[in-house]
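Participant: I am attaching a structure below and will ask some questions about it afterwards.
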Amino acid sequence: MIASRRSVLTAGGILAATTVAALGMTTVAGGAPATATPAGGCTATVRVDSRWGSGASGGQIVTFTVANTASATATRWTVTWPLTDGQRIVSSWNASVGAAGGTVTATNAPYNGVLTPGGSTTFGVQLAGPTTAPTPSCTNDAAPPTTASPPTGADVTVREADNQRTVTLYVGQTLGVTLAADYLPVTTTGNALTPVSTSGGYPTGQPLVATLRAVAPGTAELTTRTDHACQHATPPCALPTVLWRVQVAVIELPPTDGGQTVVVSAPDNQRDLTLRVGDTLVVSLASNYVPPTLSPAGVVVPAEVTGGYPSGQPLVARYVATAPGRVDVSTITDNLCRHAPTPCPSPQVRWVVHVTVTN
């Protein structure tokens, strides 16, 4: 089991903590939870950590606290809540989160399902759209269930809207793919992922659903495209073909005694982080970012840096906090055409996180 201090904050899905200071969000004082709905031997409370914008351009980051109120130990839990019209899940961490029919279902991660009586754990979600706070309900297996057993689901699920996205997984986690029925089965490169199951897709007429497991550190690219029966007719129809691609970076699970691991991605630009000596920081960015620089050196030490410009692979950089102090971890995008005899006017995007390391 992962150490109790372990906190996994990643991009994506299911694994990304995206505190977007660059969007001008306001932070709600971390006090009393916004909502609390008990059910059976489990309670779920919500705290709105950050909120910005309104309507379709709004968003918020919320933390859920799940507590076992039963007299027996729980080994799994499920939290559900209805989405407000126009809301959508952007990312989540420390739980497997998915939405169907306007209802969000979050199930425990492999390392935080066991809760002793009175024990609790947390998970987080970033929501886009109207900033109405979730109203959750919770069940666990410490009390007799009143409904079907909670689904296990994939650790991270990608959909059509995730086209061109970069996702980070730990070895052993699963990646779910859910696409419309007109997509062909997904293909993958490299040895970092292995297929578990697939169903539907063209030409079955059923939605494409696939599951893959991260089996080795490395990178992979998932690709597919749409197809239609009329495109094979004589003469073929003029329906456009839609290409879909997701890049996946797989990293080793940190050791159980290695402190917490914090994974940051593009939306964490300008974020302030606090780590302890021995903690691990993982930077997961798209392939057009150059390897990060550290200023000053010595506070965090590079453990492994792979990918990034000009390799064409997602950038994954791991650092270990080794000494108290403050350090900026920064990088910038680059493009081959900028180095041509007649450089292109490609803008560069700077990215930085400000890290404070304590004992």
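Participant: Are there any pairs, at least 6 apart or on different chains, whose C-beta atoms fall under 9 Å, with the first in segment 160-187 and at positive phi and the second not in a loop (DSSP other than H, G, I, E, B), and if so, which?
Facilitator: Note: pairs meeting the criteria are Q164/W244; Q164/R245; Q164/V246; Q164/Q247; G172/R213; G172/A214.
Quick grid of which residues meet (1) at pLDDT 85 or above; (2) open to solvent by less than 60 Å² (accessible area, probe 1.4 Å):
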position	(1), (2)
P117	yes, no
G124	yes, yes
L127	yes, yes
T135	yes, no
A161	no, no
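Participant: When the residues of segment 255-274 are filtered to those that are of a type in the set (V, I, T) and either open to solvent by 20 Å² or more (accessible area, probe 1.4 Å) or within 24 Å of T188 (Cβ to Cβ) (or both), which remaining residue is modelled with the highest pLDDT?
Facilitator: T274
Participant: Let me ask something else about it. Scanning for something outside any loop (DSSP other than H, G, I, E, B), in contact with a strand residue (DSSP E or B) (Cβ under 7 Å, 6 or more places away or on another chain) and at pLDDT 85 or above, does segment 139-156 turn up at least one residue?
Facilitator: No, segment 139-156 contains no residue that is outside any loop (DSSP other than H, G, I, E, B), in contact with a strand residue (DSSP E or B) (Cβ under 7 Å, 6 or more places away or on another chain) and at pLDDT 85 or above.
Participant: Have a look at V277, V352, V320, V305 and point out the one that is open to solvent by less than 30 Å² (accessible area, probe 1.4 Å) and under 25 Å from W93 (Cα atoms).
Facilitator: V352
Participant: With the requirement that a residue be surrounded by fewer than 13 Cβ atoms within 10 Å (Cβ to Cβ), in contact with a strand residue (DSSP E or B) (Cβ under 7 Å, 6 or more places away or on another chain) and farther than 25 Å from A249 by Cα, what does segment 199-227 give you?
Facilitator: Q206
Participant: Something else now. Enumerate the pairs (first residue in segment 228-254 and open to solvent by 20 Å² or more (accessible area, probe 1.4 Å); second residue anywhere and polar (S, T, N, Q) and in a helix (DSSP H, G or I)) with beta-carbon separation below 8 Å, excluding pairs fewer than 6 apart on the same chain, so at least 6 apart or on different chains.
Facilitator: Close Cβ pairs satisfying both conditions: C237/Q231; L239/Q231; T241/Q231.
Results for (1) surrounded by fewer than 17 Cβ atoms within 10 Å (Cβ to Cβ); (2) of a type in the set (F, W, Y); (3) within 14 Å of P136 (Cα to Cα); (4) modelled with pLDDT of 80 or more, shown as yes or no for each residue.
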| residue | (1), (2), (3), (4) |
| --- | --- |
| G30 | yes, no, no, no |
| P38 | yes, no, yes, no |
| A44 | no, no, yes, yes |
| S50 | no, no, no, yes |
| Q60 | no, no, no, yes |
| T73 | yes, no, no, yes |
| W77 | no, yes, yes, yes |
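Participant: What residue, among those in segment 165-198 that are small (G, A, S) and under 21 Å from N94 (Cα atoms), is surrounded by the fewest Cβ atoms within 10 Å (Cβ to Cβ)?
Facilitator: Among residues in segment 165-198 that are small (G, A, S) and under 21 Å from N94 (Cα atoms), the one surrounded by the fewest Cβ atoms within 10 Å (Cβ to Cβ) is G172.
The values are calculated or read from the model by the stated rules, or taken from the named source; none is laboratory data. Because the structure is a prediction, the values reported are computed rather than measured. A quick note on method: Cβ atoms are made from the backbone with ideal geometry, for glycine too, and the neighbour counts reach across all protein chains shown. Please note that ligands, DNA and RNA were not included when accessible areas were found on the heavy atoms of the full protein model with its side chains. Shrake-Rupley method; radii C 1.70, N 1.55, O 1.52, S 1.80 Å.
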